[in-house]
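Every number here is computed from the coordinates shown, using simple stated rules; none is lab data. These numbers come from a predicted model, not from an experiment. Cβ: placed from backbone, ideal geometry, glycine included. Neighbour counts: every protein chain shown.
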Amino acid sequence: MSVVPTPFHPAEPSDLRFNRLRPSVEESDCKYKRFFGCYVAREAIIDEEYWIAAWLRAEHRYDDPSSERCVEGFKRKFASQEFHALKKRCSKLQGEKYICFVAVKNDDLKRTVLNSVVGTLDVCIRHPLHGEKFPVEPGKSPFHCKIYQPDQPKFGYLTNVCVAKYARRQGIASNMLLLAIDAARLNGAEDVYIHVHKDNLPAWRLYDQIGFRMVDFDGACQSSDLCLLTFSS
């Protein structure tokens with residue numbers, strides 16, 4: 001993973017230290033944790049982990065080796081913006097609970113945080129908004145003001161599933177997803193949703209193996225390139 005160890009014009013001060021050693025399992029005071037193979041999936045707990053989560057998303061967004069030089073600046077800018085936005089979302093105390101999960105190498109070696117985090121995803125747990133039946137695509141919400149329906153069951157919504165290229169095919173994404181589903185359920189979510197691009201066959205296979213199924217919109221056709229899936233335990 002080609003981590004760029006500096007945010008791009010940070011909008012807010014942070015205590016990022018890119019030589020910081022990863023916290024040990026004992027030091028990681030996490031409510032949610034899942035061990036698998038030589039990794040552990042858990043909540044992000046320090047700024048450097050949020051930064052790597054943001055950088056993984058930037059690499060996923062600009063995944064085009066043929067134009068790597070051209071997009072490096074875009075990746076840095078996107079990662080910096082996502083880093084600050086992610087921390088803001090996870091610090092919310094009302095309305096919705098937002099958790100960033102990371103997958104971290106779990107061995108006896110001394111590693112920096114930058115060389116330990118190999119995957120990330122987010123889960124948001126909340127009540128539906130007025131007029132909302134299912135979660136809409138990120139960035140396409142028709143709801144201009146957030147008025148929740150507290151009398152309706154909460155749901156969980158998963159986004160930003162990313163795994164470093166060199167660490168794929170080791171069950172990292174599936175274990176992060178299972179942990180996030182458990183966390184959503186523990187926080188009161190009755191249903192858990194995720195969007196998937198209709199042409200992303202590897203993602204379809206992954207979600208199908210875990211237990212996600214396409215949402216039935218009562219015969220209505222989805223016009224988007226994204227399909228909404230719900231978890232069936």
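Annotations
- Axis of helix 201-210 versus longest Cα principal axis of the chain: the two differ by about 80°, to the nearest ten degrees.
- Ellipticity estimate at 222 nm from DSSP helix runs (n ≥ 4, -39,500 (n - 2.57)) divided over the chain, nearest 500: -9000 deg cm²/dmol
- Neighbour net charge for residue 152 - beta-carbon separation under 13 angstrom, K R +1, D E -1: -1
- Diffusion constant of the range 33-231 at 25 °C, which comes from Stokes-Einstein with the Kirkwood Cα-pair radius and 0.890 mPa s, µm²/s: 138
- Sorting 60, 127 from the fewest to the most surrounding beta carbons within 10 angstrom yields 60, 127.
- Taking a sphere under 15 Å around the Cβ of residue 174 and counting the other residues whose Cβ falls inside, with K and R at +1 and D and E at -1, yields a net charge of +2.
- Exposed-loop-free span, longest in the chain, where GluC sites (Glu not before Pro) count as exposed if DSSP calls them loop and at most 11 other C-beta atoms lie within 10 Å: 28-233
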